[in-house]
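Student: Before anything else, here's the structure in question.
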Amino acid sequence: MNSIINWTFFKIFLPIALYFFASACVEPFIPELTTTSERLTVEALISNDPGPYKVILSLSEPYSSPDNNLPIETAQVSVKDQNGALFSFKHDNRGVYYSDSASFNAKTGHIYTLIIRWNGKEYQSSPELLKEAPGIDTAYTRYVEKTLLNGITKGEFEVYLSTKDPVGKGDFYKWDHAHLNKTDFCAFTYDGEARVRYRFPCCSPCWNIVKKRGVIDISADTYFDGNTVNRVITSIPYDDDTPYFMVFDQYAISKNTYTFWKSVRTQVNNTGGIFDNPPATIPSNIYNTKDTSELVLGVFSAAGHKSRGIYLKRNTAPTNPYRSTPTEYKDERVCRPCEESFKMTAKKPLGWID
Amino acid sequence: MLIIALKRFKIFLFNPNYNYSTFELLCRINLLFYLYLTTFCLLNKIDALSMKKWYVLLFFKFFFTLSTFACQDLPSIFQEREYLLVGVVKNQQGVPLTDATIWIEELKKGLTTDMNGFFSFTLKSGKYTIKASFIGYTTTILEVNLNQNTTLIIRLEESLELLNTVEIVGGGADKNVKNAELGVTRLNAQAIKELPTLLGEADVIRTIQTLPGITSVGESATGFNVRGGNIDQNLLLLDHIPIFNPSHLIGFFSIFNPDLLRDITFYRGGIPAQYGGRASSVLDVRLRDPNMESNHLKGSVGLITSRFLVEAPLIKNKLSSAIGARWSYADYLFRSFLRPELKETEANFYDFTFKSIYKPSEKDQVNLTAFIGKDAFRIAGDSLSTLEINASSTRYLWKTQGASIRWSHFVNENAGFHLTTFFSDYQPSFDIPAPGSEAIFKSGISQKSIQGEGFLSQKAITIRTGFQLSKLDINPGSLLPASQFSSINPFFTQQESALESAIFTNTDWDLSPAIRLSAGIRFSHFALLGPGNQYIYANEKERDILNLIDTAYFSNNQIIKQYAGWEPRLGLRISLNQVFSIKAGFHRAMQYLHLITNSTAALPTDRWKLSDAYIKPQIASQLTLGLFANLNNNQWETSLEGYYKRIQNMPDYRSGTNLLLLEYPETAILQGLGRSYGLELWVRKQSFRWDANLSYSLSRSEILVHSPYPEDRAFSGKYYPSNYNRPHTLNLNVLYRINKRIRLSAIFTYLSGRPATFPDERISVNNIFIPLYTSRNGNTTPDYHRLDLGLIIDSDPRITKKWKGKWNFSLYNVYARKNPYSVFFKTINDRPVSTRNRSNAFQLSVIGSVIPSISYEFDY
């Protein structure tokens, strides 16, 4: 029982206390934290999508450190399949290693193991089976109104994904989603002195990627095995009544990956509260082959992937949309390229209709 | 000492100067058999016995025990001419007073009255000064010239205006140094009501938390921890009915209605043999007898709760009943005053308590007790993430109910028995209104029991013996779809049921005026019954679903696993003089029922689990040594107690497992060793106007678990402090009587910080900051301290109106300290680049300001 209860307590005690002119309060707390050694952290995903695949290696940092986690740039990374074939990864920059897309394309039904050599030690993951992901059948919306803390009511659409879970327990899911919209402007600048914002047109077609950050959306089929599941995946704002384009990613992850993310979600959301489970070290499926007591962090996942882009209707609401006030810009003439990043792409999204 | 004891026992058993009749000889042979069986049980490993053999043994032992009671002639072995002095202590309304102290000045000897107000002495002829006293009543002194068997009826007058004291140790003023009890506290209802309150409601659990040796994980968390024990190690009894969850509003209040309380007895050491089934403490709450002579109306109106009580003698001096009701209206706060999004919030409870007493004859009494309590709360906008169901608002419901019938029969003044049968039931549930996944979670635990207890007092010996037989049934949890469109499949966990039985004997023996021995033994047996599956894991591999190799099925009522054990209880008091005494005690207690909760504080919906092939019973052994002194004519009462306690098979949990609806609980439960030790100091000063109590304890409680799972390396194999390890706790209560009507009271509480785990490092995966914990409970939260004030204005005692009103004002947390409830770390992962994410530590205070409250109590 995790996040709920924390909120339960905030919400039940806060009003009682408030009523009696008291205030239940949350205040910053400055803990005395100890620093310890740096540990290997792995972030690796292999799917049935065509390569290259990415492995990111970094070091852990003291909790209160203001610095970035340091990248590991000197490791040898490879993936072994069930037949013993080795596929090596090359370091690109800042701890990111890529596979060779010409020689390595992962397939569903195959088993993969990650092997890392670093600092004279060898690390290996448990063998991971790449499972076929069930497809996303439909996505639909439902209009709801939510009252914000300042008393203003705003409409939004809850987005449901419908998936048929295969019969037999032991299916684990992870979802990602992004909103994409075509943009005419590829760069923005701000002149602080003149207090003027400038925008630059794109040289080629370009799409904005809008993602909710820090969301860990996972599930196990323990309680809905074999059923068609309608799951609230996100909500979209009712700031316009035009269709809203979204891309949904559905991954069939392994139990190890599921356990890792579930544990991360617990730790990230609510550790330290009185109704939380005691904080625990996050389990990893990677270990030191010589010394299993060494704590290795992160996860190697082999996951089946299905993706779908869908236009969601926003004209079903009973009221008019609220429209946010647009920011004013001064337009520039010079065009800027559409650079691939976490918030922009030049690739036409799957399912996009111009 | 041992030699004296043996000599006395020999004479007691067989006096060579006496001519025994056949019956008397039979009685003695019977007693020998009884002792033999007891020793046999002690020496044999009961685990090796079959169920059948065990019950045959139990039957014989019980038979011999009963026969011992048939032998009512024992006084005749004493050759000197002696007379019986028997009596009953009652209040002005004719209600018998239990635990009133009767003191014989000439012999420097005393005892307390039983639950019917009875007492009896066997004395040589002569003149005696008898002192009868009881908390809240004026002491009465009588002169008795004993030359024949004599019966006394002593009526004590309530000393409302003079002695409305915060009585912490009840009974006689010098009971502290005179009895053999260690770590035992008695409080009457008056004492509980005199303390400053939170939100205007006097509360038993809250009062218990002011005693030495008691800690809790936080303000208004469910339950309390006694000398390093978990909250499930406390046996809470309401008129003999065990209560599984006493809390209302998740721990702000408890189920015990203060208007119907008679007294509470709290054992944290020296638990007598008649109590069992829990390892650490016993909280025995007794309801008072309804008024036998006239109708009565009582009640109280407070800010968020009110209560009402009606008492009516249906047949005067024969049959009387009382019903008390209590309800809260916290909801209106949410509805009328607060933010719109909290309108959905629900926080309600009510409870009913019923007590009836029937006295068909002078020697018989039948008590009926019943209660039901229901709680509901719903918080807008939370979700049940661990169940993998997205929910917008969860509604929690829990219901606790029970009933008992107790028949007491008194053969004569020295012997009698009680037969009790009861059931107790607790049913928590919550619903999940997630669209498309609507579901309801239900669970429950129930206990049905029959118990018998006989007592026999002789010159210097009182023996209590009896049996207990209980059937326990648990539904660990089921999930059911709550609408026809729900994608949830019905999900059930395996039901559990067991038979728990025990027999016990307890003897209080005054070996000499200076030495008192209280010795008891309890045998308990536990059998987990089918139908059910037992999962079998590969040998020498950790219990994990991956290593599951087989399943053994057990049919209905087949024994899946049984445990048994003996639980010795010992108490010894040696008076050095009239002022000082030394006491020593030992107890061992077994617990077959566990509350499985993997959070710092328990939730109402947490799971109960019976011992099985993998989950072994918890066994607590505690050794206590105490020094007691009453100084300056009993004005100062002091005690210093030290204890060492060991708890075997203390549950802990495998990291990162979700316990709710877990099909294979043995794959998540670890068992380790708990140990705690400490010193408890207690001082009390009483005078005409002042009454002050100070308690301080210095303690430590730790847990050691060896876990085979690699993810538990943070705590496996080394002692770590338990969640409720608070090394220093201090409580100071002061009551000051301004005049006959007005009293002022104050409580100061200090607790050192609670252990918590802070992260050491952080990692970054998928641009998410993840805190990393490499130890357990290695840090502490800031200290807790608080001052509460109370003011009570009684109606004028000189005006003899029938309507009596009383105002109660309280200030909780007077200097508005923001006491830490918890410290937590929150990572805000809303930035695309991980370094720009922030992870911060916060401290949550539940009550961050002063809380005034007011209530009006009436009595008609």
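Student: Right, B:N164: modelled with pLDDT under 70, outside any loop (DSSP other than H, G, I, E, B) and under 27 Å from the mean Cα position of the chain (by Cα) or not?
Tutor: no
Student: Any residue at all in region B:254-273 that's acidic (D, E) and within 30 Å of B:F430 (Cβ to Cβ)?
Tutor: Checked region B:254-273: no residue is acidic (D, E) and within 30 Å of B:F430 (Cβ to Cβ).
Student: Here is a follow-up. Before we move on, is B:P513 touching a Ser or Thr at 6+ places or on another chain (Cβ under 9 Å) and more than 30 Å from B:V184 (Cβ to Cβ)?
Tutor: no
Student: Out of (1) within 14 Å of another protein chain (Cβ to nearest Cβ); (2) touching a residue at least 40 places away in the same chain (Cβ under 8 Å), what's the single condition that is false for A:K146?
Tutor: Among (1) within 14 Å of another protein chain (Cβ to nearest Cβ); (2) touching a residue at least 40 places away in the same chain (Cβ under 8 Å), the lone unmet condition for A:K146 is (2).
Student: If A:W175 satisfies all but one of (1) part of a loop (DSSP other than H, G, I, E, B); (2) under 30 Å from A:P318 (Cβ atoms), what's the number of the condition it fails?
Tutor: Of everything listed in (1) part of a loop (DSSP other than H, G, I, E, B); (2) under 30 Å from A:P318 (Cβ atoms), A:W175 misses just condition (1).
Student: Select from region B:685-709 the residues that are within 30 Å of A:S263 (Cβ to Cβ) and touching a Ser or Thr at 6+ places or on another chain (Cβ under 7 Å) and list them in ascending order.
Tutor: B:S701, B:E702, B:I703, B:V705, B:H706, B:S707 - these are the residues of region B:685-709 that are within 30 Å of A:S263 (Cβ to Cβ) and touching a Ser or Thr at 6+ places or on another chain (Cβ under 7 Å).
Student: Identify the residue in region A:186-241 that is part of a loop (DSSP other than H, G, I, E, B) and among the basic types (K, R) and, among all such residues, is farthest from the chain's Cα centre (by Cα).
Tutor: Applying the first criterion (part of a loop (DSSP other than H, G, I, E, B)) to region A:186-241 yields A:192-195, A:211-216, A:224-227, A:238-241.
Add one more test, that the residue is among the basic types (K, R), and what stays is A:195, A:211-213.
Numbers: A:R195: 35, A:K211: 9, A:K212: 8, A:R213: 7 Å.
Of everything passing the filter in region A:186-241, A:R195 is farthest from the chain's Cα centre (by Cα).
Student: Can you confirm whether A:V334 is in contact with a strand residue (DSSP E or B) (Cβ under 8 Å, 6 or more places away or on another chain) and more than 14 Å from chain B (Cβ to nearest Cβ)?
Tutor: Yes; evaluated as a whole, the condition is true for this residue.
Student: Looking only at region B:611-626, filter to residues that are among the hydroxyl-bearing types (S, T, Y) and surrounded by 19 or more Cβ atoms within 10 Å (Cβ to Cβ); which one of those is modelled with the highest pLDDT?
Tutor: This residue is B:S611.
Student: Has region A:114-137 got any residue that is assigned to a strand (DSSP E or B), more than 14 Å from every other protein chain (Cβ to nearest Cβ) and free of Cβ contacts under 8 Å to residues at least 60 places away in the same chain?
Tutor: yes
Student: Okay, next question. Is one or more of the residues making up region B:564-578 within 29 Å of B:G520 (Cβ to Cβ) and of a type in the set (V, I, T)?
Tutor: yes
Student: Run down A:L350, A:L295 and say which single residue is outside any strand (DSSP E or B) and in the same structural domain as A:T108 (by TED's automatic domain parsing).
Tutor: A:L295
Student: Kindly indicate which of B:I559, B:I521, B:I536 is of a type in the set (V, I, T), at pLDDT 90 or above and crowded, with 18+ Cβ neighbours inside 10 Å.
Tutor: Within the list B:I559, B:I521, B:I536, the selection yields B:I521.
Student: Are any residues in region A:193-220 under 26 Å from B:N489 (Cβ atoms) and either out of contact with any Lys or Arg (no Cβ under 6 Å at 6 or more places or on another chain) or more than 11 Å from chain B (Cβ to nearest Cβ) (or both), and if so, which ones?
Tutor: If we filter region A:193-220 for residues that are under 26 Å from B:N489 (Cβ atoms), which is where we start, we get A:216-220.
Selection gives A:D217, A:S219, A:A220.
Student: Looking at B:S294, B:S306, B:S281, B:S254 in this structure, which one is of a type in the set (G, A, S), under 30 Å from B:M590 (Cβ atoms) and over 12 Å from the mean Cα position of the chain (by Cα)? So that I can check it myself, show each step before the final result.
Tutor: On the way: B:S294 fails: under 30 Å from B:M590 (Cβ atoms); B:S306 fails: under 30 Å from B:M590 (Cβ atoms); B:S281 fails: over 12 Å from the mean Cα position of the chain (by Cα).
The match here is B:S254.
Student: Among all residue pairs at least 6 apart or on different chains, which show Cβ distances below 7 Å where the first residue, located in region A:286-300, is at positive phi and the second is part of a loop (DSSP other than H, G, I, E, B)?
Tutor: Matching pairs, first to second residue: A:G298/A:S284.
Student: Then there is this: Looking at (1) polar (S, T, N, Q); (2) surrounded by fewer than 21 Cβ atoms within 10 Å (Cβ to Cβ); (3) within 14 Å of chain B (Cβ to nearest Cβ), which is the one condition that is false for A:N69?
Tutor: (2)
Student: Can I ask one more? Return the pair list, or none, for Cβ contacts closer than 6 Å from residues in region A:327-342 that are at pLDDT 85 or above to residues that are part of a loop (DSSP other than H, G, I, E, B), at least 6 apart or on different chains.
Tutor: A:C338/A:A346
Student: What number of residues in region B:639-650 are in contact (Cβ under 8 Å) with a residue 60 or more places away in the chain and either of a type in the set (V, I, T) or surrounded by fewer than 23 Cβ atoms within 10 Å (Cβ to Cβ) (or both)?
Tutor: Of the residues in region B:639-650, 1 are in contact (Cβ under 8 Å) with a residue 60 or more places away in the chain and either of a type in the set (V, I, T) or surrounded by fewer than 23 Cβ atoms within 10 Å (Cβ to Cβ) (or both).
Student: Here is a further query. Which residue pairs have Cβ atoms under 7 Å apart, sit 6 or more places apart or on different chains, and have a first residue in region B:576-587 that is over 13 Å from B:N630 (Cβ atoms) and a second that is assigned to a strand (DSSP E or B) and of a type in the set (K, R)?
Tutor: B:K583/B:R573; B:H587/B:R569
Student: Say whether the condition of being touching a helix residue (DSSP H, G or I) at 6+ places or on another chain (Cβ under 9 Å), modelled with pLDDT of 50 or more and either within 22 Å of A:G298 (Cβ to Cβ) or not in a helix (DSSP H, G or I) (or both) is met by at least one residue in region A:53-66.
Tutor: Within region A:53-66, one or more residues are touching a helix residue (DSSP H, G or I) at 6+ places or on another chain (Cβ under 9 Å), modelled with pLDDT of 50 or more and either within 22 Å of A:G298 (Cβ to Cβ) or not in a helix (DSSP H, G or I) (or both).
Student: State which residue is nearest to B:D114 (Cα to Cα) when the search covers only region B:434-481 and only residues that are within 14 Å of chain A (Cβ to nearest Cβ) and of a type in the set (G, A, S).
Tutor: By that ranking, first place goes to B:S443.
Student: Examine region B:676-683 for a residue that is touching a Lys or Arg at 6+ places or on another chain (Cβ under 7 Å) and either within 18 Å of B:T600 (Cα to Cα) or buried (at least 20 other Cβ atoms within 10 Å of the Cβ) (or both), and state whether such a residue exists.
Tutor: Yes, region B:676-683 has at least one match.
The values are calculated or read from the model by the stated rules, or taken from the named source; none is laboratory data. Quick caveat, the model's predicted, so the values are computed rather than measured. Backbone-built Cβ (ideal geometry, glycine too); neighbour counts: all protein chains shown.
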